[in-house]
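Values quoted throughout were computed directly from the atomic coordinates according to the rules given, and no laboratory measurement underlies them. Computed from a predicted structure; not experimentally measured. Positions of Cβ are generated from backbone atoms using ideal geometry, with glycine treated the same way; all protein chains shown enter the neighbour counts.
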Amino acid sequence: MFIGLGQTIHEEIISLRRELHQFPELSHEETRTTTRIKEELTKAGIPYKDGFATHGVLGIIKGAHPGKTIALRADMDALPIVEKNDHDFVSHKKGVMHACGHDAHTAMLVGAGKLLNTQKDKLSGTILLVFQPAEEDAPIGGAQAMMDEGVFKEYVPDEIYAQHVWPDLPVGTFGVRPGAMMGNSDRFEIRITGSSGHASMPHQTTDAIVIAAQMINSLQTIVSRSTDPLQSAVVTVGKITGGSRYNVIADDVVLEGTVRTYKADVKQTVKARLMQIVEQTASMLGGSACCKYHDGYPATRNNADAAALVAKTVQDAYGEDAQPEILPSMGGEDFGRFLEQYKGAYYWLGTAIPSREVQRPLHDPLFDIDERAIPYGVEMLAELAYQASKEESS
């Protein structure tokens, strides 16, 4: 019913996306973004509730016929990244950028809500527009807080869906699969303690930097030697802090990193080996270390029936070629917490820019999307909600 209608509001939604891109807000700071969402919902005549996880908003569209309650979710927050794009709507906030497409997600959900609301007399059930803050604030996030604060107390979703812009897929295509779409996303912080001294007299010290170097190399053996080669896992040290001067041996180094897995048993294996390597490597080299391990977002696992509905909706609307076979990603996603509680699916919207020989990945300072994808994203959200809600909930 909604396929082709994305073009009718594409200029309006692209304008909103660009505005949000110019004024990005970090996790838990989405004040302006929330205000704009509420203004757009009010303009469209869509009632809403707000204040969930401080900045979360729930739009409510009630159809004229019996049916399911279907939730559509978009995240809103930006990242602490200095933008390097040169288009005319770059971020106005130094050091803050929508480098993960949440500006487009928010704008597209607003657009889908507008399309759905114009067809209320033909809709079944209730459509919920879930605008979620703090998705980037792993391992805390905003999804659990929204649920804890009753976002679905009055309207309980039978199914919940979300889409994410994806630079590895061309415009006009969508990626979905049953089961794992995104990985478990955990964080760790390791503090290594040695003893300081003059760089020319290492025998009088315990060099925390040497311990850190040995530890980083040893951590890479977890995946290569402690996990099943047929099961995916990643251990990455992304930040090292230590040392004070070129001729002073460091007595303190902090390593920060992440563990990504799909399966719970693989995660536990990696976690246990990480703890062992941290403690024993430091001890072997005469120092000590402690590790804080933060269990983060669970793997985003699609319900098979919900994923099949996404695939069917795509194929019916745009043809079989619009739904290529994909592999899951090790990226983390707070939407996994919604899927632990409610049936649903998470899918990717192709946004590759043809003029770029190499697509810039998510979280890159040069990340951008081909805005021709936005009408596809708007009408797909609306059509999916329409198709999912038609069967009356049992």
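Peptide packing: for 104-112, 221-229, the average count of neighbouring Cβ atoms within 10 Å per residue gives the ranking 104-112, 221-229, highest mean first.
What the Cβ-Cβ distance of ASP228 and VAL156 gives, at R0 = 35 Å and to the nearest 0.05, is a FRET efficiency of 0.35. Evaluating 6.51 cos²θ - 1.76 cosθ + 1.60 at θ = phi - 60° for every residue in the stretch 350-360, the Karplus couplings come out as x, 9, 4, 9, x, 6, 9, 5, 10, 6, 6 Hz, glycine and proline recorded as x. Measuring between alpha carbons in the structure, the pairs from LYS38/LYS114; LYS38/LYS68; LYS120/LYS390; LYS49/LYS93; LYS62/LYS312 lying more than 18 angstrom apart are LYS38/LYS68; LYS49/LYS93; LYS62/LYS312. Based on Cα contacts under 8 Å between residues 6+ apart, the stretch 80-238 shows a relative contact order of 12 percent. With only the Cα atoms considered, the chain has a convex hull volume of 151 Å³ per residue. The phi-based Karplus calculation (6.51 cos²θ - 1.76 cosθ + 1.60; θ = phi - 60°) puts the 3J(HN,Hα) values of the stretch 368-378 at 7, 10, 7, 5, 5, 6, 4, x, 4, x, 5 Hz, whole numbers, x for Gly and Pro.
Taking 7 Å steps out from each Cα toward its Cβ at ASP88 and ILE3 produces label points 3.5 nm apart. Normalising the average separation of contacting C-alpha pairs (under 8 angstrom, six or more residues apart) by the number of residues puts the relative contact order of the stretch 75-126 at 35 percent. Taking every C-alpha pair closer than 8 Å and separated by at least 6 residues, the mean separation divided by the residue count of the chain gives a relative contact order of 26 percent. In the stretch 232-294, the convex hull through the Cα atoms has an average projected area of 5.0 nm², a quarter of its surface area. Database remark: amide H of GLY67 closer than 5 angstrom to the amide H of GLY125, SER393 (H placed geometrically; neighbours at sequence offset of 5 or more, or on other chains; Pro and chain starts carry no H). Each of ALA107, VAL151, SER124 was scored by the projection of its Cα onto the charge dipole of the stretch 103-151, and the greatest displacement toward the positive side belongs to SER124; charges sit on the C-beta of Lys, Arg, Asp and Glu. Put simply, the amide H of GLU135, placed in the peptide plane, has neighbours under 5 Å in MET76, ASP77, GLY142, leaving out anything fewer than 5 places away on its chain.
Here the 3J(HN,Hα) profile of the stretch 259-265, calculated from phi with Karplus coefficients 6.51, -1.76 and 1.60 at θ = phi - 60°, is 10, 10, 8, 9, 9, 4, 5 Hz, Gly and Pro shown as x. Amide H contacts under 5 Å for GLN323: PHE174, restricted to partners 5 or more places along the chain or on a different chain, H placed in the peptide plane at 1.01 Å from N.
Here the translational diffusion coefficient of the stretch 241-363 follows from Stokes-Einstein with Rh set to the Kirkwood radius across Cα pairs; for 25 °C and 0.890 mPa s it amounts to 130 µm²/s.
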